[in-house]
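What follows is calculated from the coordinates using simple rules that are stated; it is not laboratory data. Being a predicted model, the structure only gives us computed values, none of them experimental. FYI the Cβ positions are ideal-geometry reconstructions off the backbone, even for glycines, and counts take in every protein chain you see.
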Amino acid sequence: MRTEQTPIGLFSQEKQFLHVWIVVEMVKVFLNTVGSAGEGRVHVKISIKVQIPPRVSRGSILRVAGEGGAGPRGGPPGDLYVYLDVEEVEGI
């Protein structure tokens, strides 16, 4: 937030943030239930689109529910955690 003194008092202005999306490329683990063992794991490279909320800072962690690897013994998939390294660009 930027604050300036004007003839009529203090004026504060906050930057407007646009919706930001990133594409996360990762290797996701799926359970392979084909065959007698049923516990085989398949590694597949996928990309997902993740929305970045306004006002995130360096070191922020986003949790994307249900986009993690396969759960043990046929359980639901875990969550994906995206660690952000944010750099502020002057003039934007």
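Quick rundown of the values:
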quantity: Where labels lie 7 Å past Cα in the beta-carbon direction, separation of residue 86 and residue 60 in nm; calculated: 0.4
quantity: Protection proxy ranking of 76-82, 45-51 - average other beta-carbon atoms within 10 Å, highest first; calculated: 76-82, 45-51
quantity: Loop trypsin sites (Lys or Arg not before Pro), segment 56-92, which have at most 15 other Cβ atoms in a 10 Å radius of their Cβ (DSSP); calculated: 58
